[in-house]
Amino acid sequence: MKPSETVTRGSGDKPTSPSLLANPLDFISEDHLRERQICAVIDALATADAFNRQKATTVLRFVNEELNVHLRDEAEDLFPLLARRCTEEDAIEGAIDRIRADQDEAMRLLPEVRAMLAGCLDKGADLSAKERGVLSRFAGHVRRHLVAENAILLPIARARLTRADLRILSKHMRSRRGLPDFPETTDAE
Ligand SMILES: [Fe+2]
């Protein structure tokens, strides 16, 4: 990254800056801050007296444009790299299985979350009690996923992944977002 590029970090109130993709684990960590922020928005939607259109639009944008890509970064690249590099004493397989279970459950609820928010926006209706329950469950699974990854997977990834692994991870994450790879020279510092 060029020194002149500024990177906004720490708030999670906007999509993660692509300039962090040079350090893919930092990008993923930042994505988790973003997810935490969105979970708070979902909780607010689930408990508010009246439907908040702006919050619903924020959540819909996030699930449509960011969440799927983040989950693919992990399922298709981070988890396989970790499985290859980790030793038995890392005991990482059980952790990955639990994290995947929360991801699967969040993904199972996702079409319903999307449909109910889009439906309320279309009709100007409020969320039913059942729909609020689905939103809370969805936020719960997303939150558990990011807490376990921050506490277990990312520290191990920082310790175990090689520089070559990180380059591959960065390259695939950039390509998933339609961005060209960084030039080779960034690796020859
Ligand atoms: Fe994650």
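The values are calculated or read from the model by the stated rules, or taken from the named source; none is laboratory data. Keep in mind that what you see is a predicted model, and the values were worked out from it rather than measured. Here the Cβ positions follow ideal geometry from the backbone for every residue, glycine too, while neighbour counts run over all protein chains shown. The protein model used for the area step is the full one, side chains on, heavy atoms only, and it has no ligands, DNA or RNA in it. Shrake-Rupley method; radii C 1.70, N 1.55, O 1.52, S 1.80 Å.
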Exercise. Could you please tell me which pairs satisfy a Cβ distance under 7 Å, a separation of 6+ or placement on different chains, a first residue in segment 93-122 that is within 24 Å of Glu74 (Cβ to Cβ), and a second residue that is among the basic types (Lys, Arg) and open to solvent by 70 Å² or more (accessible area, probe 1.4 Å)?
Key: Asp102/Arg144; Leu109/Arg137
Quiz item: Does segment 48-102 hold any residues that are surrounded by 13 or more Cβ atoms within 10 Å (Cβ to Cβ), over 19 Å from His32 (Cβ atoms) and among the small types (Gly, Ala, Ser), and which are they?
Solution: Ala48, Ala56
Exercise. Would you be able to say whether some residue in segment 137-152 is under 17 Å from Leu67 (Cβ atoms), open to solvent by 60 Å² or more (accessible area, probe 1.4 Å) and β-branched (Val, Ile, Thr)?
Key: yes
Self-check item: Qualifying residue in segment 142-162 (condition: in contact with a helix residue (DSSP H, G or I) (Cβ under 8 Å, 6 or more places away or on another chain), closer than 16 Å to Asp26 by Cα, at pLDDT 95 or above and more than 16 Å from the ligand (Cβ to nearest atom))
Solution: yes
Exercise. Determine, yes or no, whether Asp102 is touching a helix residue (DSSP H, G or I) at 6+ places or on another chain (Cβ under 8 Å) and modelled with pLDDT under 95.
Key: yes
Quiz item: Which of (1) touching a Cys at 6+ places or on another chain (Cβ under 7 Å); (2) closer than 21 Å to His70 by Cα; (3) more than 16 Å from the ligand (Cβ to nearest atom) does Leu127 not meet, given it meets every other one?
Solution: (2)
Self-check item: Lone qualifier among Arg36, Arg72, Arg85 - being away from the ligand (no atom under 12 Å from the Cβ) and in contact (Cβ under 8 Å) with a residue 40 or more places away in the chain
Solution: Arg85
